[in-house]
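A short write-up of the structure that comes next.
The values are calculated or read from the model by the stated rules, or taken from the named source; none is laboratory data. All figures in this text were calculated on a predicted structure; none of them were measured in a lab. Backbone-built Cβ (ideal geometry, glycine too); neighbour counts: all protein chains shown.
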Amino acid sequence: MSADTHQERPPRTGLRTWLLSDTPASVAQARCQRFYLAWLAFRSNPIAMTGLGIVAALVLMAILAPWITNGSGLEPELGNRLQGASAEHWFGTDQLGRDLRDRVIWGSRITLYIVGLVGIIVVPVGLLIGTVAGYVGGVVDNVLMRITDVFLAFPRLILALALVAALGPGLENAILAIALTTWSPYARIARAEALTIRNSEFILAAQVQGASTIGILYRHVMPLCVSSVIVRLTLDMAGIILTAAGLGFLGLGAQPPTPEWGAMISTGRQYLLDQWWVPTVPGIAIFVVSLGFNLLGDGLRDVLDPKSGR
């Protein structure tokens, strides 16, 4: 029986053997093994893989937009206005005769642009403020956390509306407003992680060796807090997309004729009863992409959470 079982196992050769070695020969090999084992755990979760597939499809659609569309989706064709789904126009056309499929595909670029810039802004800001507050403590912690509490006290959409109203309508101003209202939860998460790390033995050893506070934060504390922040960012992507769509719907985000999904719903809402596909198609796009990011975030949380038992 044991011989048969041994024969049924696929042989480990080449890269797989190197990735599954019990005795890594270098730090680089150990890190590669960690990522590979995390990928195996992630791959075993079908829901997470579904989310990854949706997000990957969004990225591919944005990259291949010039080659998979019939135009920019901006030029009106009044002779084709408000047509239903057909072989020529898969999702129908809007009130100006523009192909909805083309506009949704080009809108995926704007969606990625929004979530990408917001992520680039909020992760470093939240990570820096949270780790400094948690590791240094004292007056610094109190001041930074009270500032964080001020931003947490306001509903995100209401505060974003106030900021965009002050800055003026536009896509870049909407992104800045969303980032300013989104960083605070990341600071809280990073602070909680830093509080559990700062009294660890390896931190004390680094202090004894004369490492500076900045060096300990940069080399030891921040890297250990990144995984929790990334998981939170992935789960927040749906909220970021919905906030951006809400600002676009109210005319405070991307301005027409830009094919932003929220603005498309706003301009097409008056046709909801008769030509329902005009606002429904971009609404479905928002729903599917938001669902994909939520499923991906759940999968990453299961893999990266140290308490998950993996």
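Assorted remarks:
- Looking across segment 270-289 at every residue that is β-branched (Val, Ile, Thr) and crowded, with 19+ Cβ neighbours inside 10 Å, the one that is nearest to Ala245 (Cα to Cα) is identified as Ile286.
- Verdict on Ala205 being farther than 18 Å from Leu242 by Cβ and in a loop (DSSP other than H, G, I, E, B): no
- Residue in segment 135-150 that is crowded, with 22+ Cβ neighbours inside 10 Å, assigned to a helix (DSSP H, G or I) and at negative phi present: yes
- Considering residues of segment 76-99 that are out of contact with any Gly (no Cβ under 9 Å at 6 or more places or on another chain) and loosely packed, with under 15 Cβ neighbours inside 10 Å only, the residue modelled with the highest pLDDT: Trp90
- Of the residues Ile216, Ile203, the single one that is closer than 30 Å to Val140 by Cβ, touching a His at 6+ places or on another chain (Cβ under 9 Å) and either in contact (Cβ under 8 Å) with a residue 40 or more places away in the chain or in the same structural domain as Leu176 (by TED's automatic domain parsing) (or both) is Ile203.
- Cβ-Cβ distances below 9 Å connect the following pairs, each with a first residue in segment 122-147 that is free of Cβ contacts under 8 Å to residues at least 40 places away in the same chain and over 15 Å from Leu233 (Cα atoms), a second residue that is polar (S, T, N, Q) and assigned to a helix (DSSP H, G or I), and a separation of six or more residues or different chains: Ile147/Ser184.
- Summed over segment 196-244, residues that are surrounded by fewer than 16 Cβ atoms within 10 Å (Cβ to Cβ) and in contact with a Phe, Trp or Tyr (Cβ under 8 Å, 6 or more places away or on another chain) total 1.
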